[in-house]
4 protein chains.
Amino acid sequence: MLYFESDYTEGAHPRVLARLCETNMEHVSGYGGDKFCESAKAKIREACNTPDADIFFLVGGTQTNRTVIAGLLHPYQGVVAAETGHIAAHEAGAIENSGHKVLPIPQTLGKITADDLTAYLTTFYADDNCDHMVQPGMVYISHPTEYGTLYTKDELAAIHAAAQAYNLPLFIDGARLGYGLASDGTDLSLPEIAQNCDAFYIGGTKVGALCGEAVVFPRGNAPKHFFTTVKQNGALLAKGRLLGVQFDALFTDDLYMRISRHAIECAKKLRALFAEKGYTFFLDTPTNQIFIVLENEQMKRLGEQVKFSFWEPYDAHHTVVRFATSWATDENDIEALAEIL
Amino acid sequence: MLYFESDYTEGAHPRVLARLCETNMEHVSGYGGDKFCESAKAKIREACNTPDADIFFLVGGTQTNRTVIAGLLHPYQGVVAAETGHIAAHEAGAIENSGHKVLPIPQTLGKITADDLTAYLTTFYADDNCDHMVQPGMVYISHPTEYGTLYTKDELAAIHAAAQAYNLPLFIDGARLGYGLASDGTDLSLPEIAQNCDAFYIGGTKVGALCGEAVVFPRGNAPKHFFTTVKQNGALLAKGRLLGVQFDALFTDDLYMRISRHAIECAKKLRALFAEKGYTFFLDTPTNQIFIVLENEQMKRLGEQVKFSFWEPYDAHHTVVRFATSWATDENDIEALAEIL
Amino acid sequence: MLYFESDYTEGAHPRVLARLCETNMEHVSGYGGDKFCESAKAKIREACNTPDADIFFLVGGTQTNRTVIAGLLHPYQGVVAAETGHIAAHEAGAIENSGHKVLPIPQTLGKITADDLTAYLTTFYADDNCDHMVQPGMVYISHPTEYGTLYTKDELAAIHAAAQAYNLPLFIDGARLGYGLASDGTDLSLPEIAQNCDAFYIGGTKVGALCGEAVVFPRGNAPKHFFTTVKQNGALLAKGRLLGVQFDALFTDDLYMRISRHAIECAKKLRALFAEKGYTFFLDTPTNQIFIVLENEQMKRLGEQVKFSFWEPYDAHHTVVRFATSWATDENDIEALAEIL
Amino acid sequence: MLYFESDYTEGAHPRVLARLCETNMEHVSGYGGDKFCESAKAKIREACNTPDADIFFLVGGTQTNRTVIAGLLHPYQGVVAAETGHIAAHEAGAIENSGHKVLPIPQTLGKITADDLTAYLTTFYADDNCDHMVQPGMVYISHPTEYGTLYTKDELAAIHAAAQAYNLPLFIDGARLGYGLASDGTDLSLPEIAQNCDAFYIGGTKVGALCGEAVVFPRGNAPKHFFTTVKQNGALLAKGRLLGVQFDALFTDDLYMRISRHAIECAKKLRALFAEKGYTFFLDTPTNQIFIVLENEQMKRLGEQVKFSFWEPYDAHHTVVRFATSWATDENDIEALAEIL
């Protein structure tokens, strides 16, 4: 069986796991006050070129979105997001459960534009009854988006400026951030991400860790008592070392980017392969997810030898499926897939 | 330096870590639908003698309390707990954040009694205005309690019966359950715990795992859509294997109990040591936590060679400190402590 | 000045006010346990032909929507509503503040269809990942809708059946219910409303009362402890008589319907007047709200003599405005308006 | 039958009702933007000697407590209150439902002290683990308290200073404020109340109105977007005039204080009567509530001719009952009671 189902089907990158083993018997304090967390934070601050950043390690993506949003908003505020944003559709109401409305705006392939954001905010505040409605309190985007697409530096800067014009913080969901940073066409580096938003997270779970997301408030701008907010949302680990050690490993010797580049290289090969064989792409993405339209019978046959994931129905006879690569993708599997196709 | 600070200062028990390494490259599905989770659940069902149990793996204790309580209660209900219960005092308002009041009742050394519970419920329902107040919706106890004390089988059965008399489910916080089960004097086995409550969790974080708590609804009585509740509360791991592998290891070859017994043996030696040296016990506990009253100057000197944790001030000149043992406690450290004392 | 701004610009219908004065000095118990509330409930049960109905008097519309929805849903559930539904857009996030997502579906002039509802639910449950998403827990519609449009009996029955097919209760927001029941074309009576849903409310604030909405659970099917839910949501009046007396008056001698018919008669005259004068209707509504497109300069001039309300911009040079009638509309004002137009 | 059951058993003071009738047909805008609300606010600002005060009219007491507290707190904060505070015990979990813990401190006859508050806060912040706990975010007291007792000016100033020392706003629940201000022994005027707190409300429901509480932020210090918070909590009336007209009447010609003084005079007579007849007072209160211990058989007999309210059991043979006076208390009833006693 060949494996392209997702980027979270294996455990941790071997180097991450090795560090967990090497440090296992060291005695450290709990709740993130340990030297591994400190070291990881120092390395992340350097990689982001944000010497004053506040950094918190949380466990998973939905939890991180929920906790950061709860930390940034007042109860009378909502979070502006693409109608396809992960928080809008796929998080079991975690945002609403913490009391906040997701305020959807239009998107194209998962991306919003500064113009649409400005139009939304202008219209909102022009309404005489706007104080009868949820106040926009922040803007959420994901990079890469849920469709694997990327913002350019100019697009991101424009969105940030549009949010700032209304004093709204911009938060970037970076569950797959590495794959965005390693993508061929991108003009956005990690420091530029940090510069063009008010909070973001560096996804670990889908980029080589067993679990873990590193939340960065780039200019020391964490909400007051954010530690308590983290605990209140059930996101604080007693053994905070589990996250510190992993992020310390990921940010040692450029591992986070090496992992990401490997996945991107594999994705490029896959993409070339599908193109060469004449397959239909559902959309064109530069990151580690590839969306292909398969005829249903063909999908069934292929599924006997290859694991991929169902995305959505295309029409009565075709289905969109997703192939994903990761640090764990075996290049031999790509060659084997070439045989099968 | 000698280490008795807490039971979460090291990583995972070596056998648990080894299993994470051995299984690391296996390809499995996400979100807990993997074979490791299935295997761990089967072993836990067997250990609990609850063939129909619903089992969910969550990440940490506060998160688990929050999620289970949110799953069991209606919005107009609160959770009855000892005024010293972990949810009442030490969870940053996680329960209230999910909308529920903690309804405190009296306790002695962390334990409530069936009589006090019945008195509380009788008085509540006797009040003509009781529908103006938060309705009791469940009962929470911890075993061992926050003071390291234990319920007897009769006490637990009586509390369960008192709760059932008012149709309230009984939930047991078992963050340190292993140390309770391995305690010398206890007459409560894991199956008896399961039989005498409606939900409980088997703590992993403090008993050999990197993280993880196994929630058991012993008679297949999980609240409807509890999976969605877990996700909504940010408690669902993409790589659910991390929890499945660990609990599978903990419930293989009796490891969970072997770990617990080691900690209890060490605690007994420590207790004997303190008694022999004439130290004052703050309270008498049969589990892995020992509470000692130290004169403040003595505490300072001892702290230079030994790590323990501050518990609470005793009086102007004395302080209560806690020594904790765990799977990781080195018996040589106990001997070294004997020298120092 | 002529007044067509809204249906809540005057106080109470004189008969309602008179009853408040007549009963003012009677001594009664608080919190709704008084004889006026009992009498009002009996009359509403009879008017609805629902002898077993549970009835609660709340104060305002947003409060009622919030409280009923909080009472009907589990925390992991959301409420399906038209994307233009009052709860979706105009209630300051009251629903989300109580922890629930509004799940929007398409609409035409404020109305949803049974087919769209079924399609939404079918698609939802067909998704393998549906347990990662907010579970639909109930359906909300308004009648009349926010656009003043009405459901037919067949349409309502079909929506109810579609909801029941998935065990979802149907809740009707009747903030302006009287104007729907009194509309010329409608084939829905109050008993038929009651028969074709699981909860609804009879709006008082906009139909002759100073405040007040009567929530009806037609088959004695109020959620358990709904009284406590009402109090918890800040919706319980100490002087419950204020609501009881008003609804008792509204349901004596057919006053509620007489008020409603007067408003509808006035609206018909207004509509005829605008048609005769060649004005453009933004949409065609059978109830007490009329939406007219005005050229902006014309709007300004008209506004000097007539009060109406701004609805939304139409294009750069035109605006949609709303004229509303009520029990308080003076027929002389309509004649005076004819002069002006 | 004689009526001393509570201060909310009749409708509105005749003058308040008269103003509702006189103004009934005036056309005004909704949602509190009307001239009656403006006039009432101006009069309250003058009565409080707070020219810059922000004032909001809400409907009932629990709703007001819930909304003000939700407006003042961040989600990670709780509200410090006497363990007998109305919000702690009698509001059906309205505070917890909005996500906040009530942090109880000791009290005597419903009153807290500045020293106990300071001790609580000092201890809290001295705890190294205080960021694992709910952060105190404000202080709540009631005046008169739930037991009808009163703070002195010095006591209130000291509590305010103790709160300010930790940057915590002080909020006074004034559901029965009038009866406190009119009490014989008090040295606190309305301007002094306003000066010695950060938010308070002037209770209308129990002092002559049909409903309504006026929230005052004395130094223009309302939380941002408090209007939206009011709406989100279901506390905004479409016909805001209902509240504006009533408070305008209550603050015209000193009516609010005249009402309050009448109730206090009646209470004094009652108190003298009970003392003369040798009845046992449960506690000594200077306001409009009198707590008497009755032998149970005596209570039953008296209840056949007089309405009073059950407070709590005293012992197996005695019960504490409450007699309350109000604007509506008839002095003839007191004389009739003298006959009966």
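For residue C:166, the criteria (1) open to solvent by 50 Å² or more (accessible area, probe 1.4 Å); (2) over 15 Å from residue C:80 (Cα atoms); (3) in a loop (DSSP other than H, G, I, E, B) hold in every case but one, which is (2). Hey, could you check region D:111-137 for residues that are crowded, with 17+ Cβ neighbours inside 10 Å and hydroxyl-bearing (Ser, Thr, Tyr) and say which is nearest to residue B:92 (Cα to Cα)? Filtering first and then ranking leaves D:120.
So if I check each of D:2, D:20, D:72, which one is modelled with pLDDT under 95 and either surrounded by fewer than 24 Cβ atoms within 10 Å (Cβ to Cβ) or of a type in the set (A, V, I, L, M) (or both)?
D:2
Within region A:215-257, which residues are more than 7 Å from chain B (Cβ to nearest Cβ), open to solvent by less than 10 Å² (accessible area, probe 1.4 Å) and small (Gly, Ala, Ser)? Hits for region A:215-257 are A:240, A:244, A:249.
Just one of the numbered conditions (1) assigned to a strand (DSSP E or B); (2) closer than 30 Å to residue B:98 by Cβ is not true of residue B:323: (2). Does residue D:1 satisfy the criteria of being at the interface with chain C (Cβ under 9 Å from one of its Cβ atoms) and touching a Lys or Arg at 6+ places or on another chain (Cβ under 7 Å)? Criteria met by residue D:1.
Number of residues in region B:32-55 that are under 24 Å from the mean Cα position of the chain (by Cα) and closer than 26 Å to residue A:326 by Cβ equals 6. Residue-level analysis places residue D:62 outside the set of residues that are away from chain C (no Cβ under 14 Å), closer than 20 Å to residue D:175 by Cβ and open to solvent by 10 Å² or more (accessible area, probe 1.4 Å). In the condition set (1) more than 14 Å from chain D (Cβ to nearest Cβ); (2) at pLDDT 95 or above, residue C:57 is compliant with all but (1).
The residues of region B:10-25 that are touching a residue at least 60 places away in the same chain (Cβ under 8 Å) and either part of a loop (DSSP other than H, G, I, E, B) or more than 12 Å from chain A (Cβ to nearest Cβ) (or both), listed by number, are B:10, B:11, B:12, B:13, B:23. The single condition from (1) assigned to a loop (DSSP other than H, G, I, E, B); (2) open to solvent by less than 20 Å² (accessible area, probe 1.4 Å) that residue C:171 fails is (1).
Which of the following residues is facing another protein chain (nearest Cβ under 10 Å), hydrophobic (A, V, I, L, M, F, W, C) and in contact (Cβ under 8 Å) with a residue 60 or more places away in the chain: D:73, D:103? Steps first, please.
Values: D:103 fails: in contact (Cβ under 8 Å) with a residue 60 or more places away in the chain.
Checking each option against the conditions leaves just D:73.
Going residue by residue through region B:30-43, is there one that turns out to be within 7 Å of another protein chain (Cβ to nearest Cβ) and not aromatic (Phe, Trp, Tyr)? Show your work before the answer.
Within region B:30-43, the subset within 7 Å of another protein chain (Cβ to nearest Cβ) is B:30.
From what's left, not aromatic (Phe, Trp, Tyr): B:30.
The answer is yes, given that some residue of region B:30-43 is within 7 Å of another protein chain (Cβ to nearest Cβ) and not aromatic (Phe, Trp, Tyr).
Counting only helices (runs of 4 or more DSSP H) that sit completely within region C:37-154, those holding 1 or more residues that are of a type in the set (Lys, Arg) correspond to C:61-72.
Within region D:299-335, the set of residues being surrounded by 15 or more Cβ atoms within 10 Å (Cβ to Cβ), farther than 19 Å from residue B:127 by Cα and out of contact with any Asp or Glu (no Cβ under 9 Å at 6 or more places or on another chain) comprises D:302, D:333, D:334.
Being more than 19 Å from residue A:205 (Cα to Cα), modelled with pLDDT under 95 and surrounded by fewer than 16 Cβ atoms within 10 Å (Cβ to Cβ) is a property that residue A:284 has. For region D:31-44, filtered to residues that are open to solvent by 10 Å² or more (accessible area, probe 1.4 Å) and in contact with a strand residue (DSSP E or B) (Cβ under 7 Å, 6 or more places away or on another chain), the residue that is nearest to residue D:250 (Cα to Cα) is D:41.
Tell me, yes or no, whether region C:202-210 has at least one residue that is within 14 Å of chain D (Cβ to nearest Cβ) and on the phi > 0 side of the Ramachandran plot. Looking through region C:202-210, at least one residue is within 14 Å of chain D (Cβ to nearest Cβ) and on the phi > 0 side of the Ramachandran plot.
Mind checking whether some residue in region B:180-188 is surrounded by fewer than 23 Cβ atoms within 10 Å (Cβ to Cβ) and within 14 Å of chain D (Cβ to nearest Cβ)? No: zero hits. For region C:89-100, the candidate set comprises residues that are more than 18 Å from residue A:91 (Cβ to Cβ) and open to solvent by less than 20 Å² (accessible area, probe 1.4 Å); within that set, the residue that is farthest from the other protein chains (Cβ to nearest Cβ) is C:91.
The values are calculated or read from the model by the stated rules, or taken from the named source; none is laboratory data. Just so it is clear, the structure is predicted and the values come from calculations on it, not from any experiment. No Cβ is skipped: glycine too gets one built from the backbone with ideal geometry, and neighbour counts run over all protein chains shown. Accessible surface areas use protein heavy atoms only, side chains included; no ligands, DNA or RNA. Shrake-Rupley method; radii C 1.70, N 1.55, O 1.52, S 1.80 Å.
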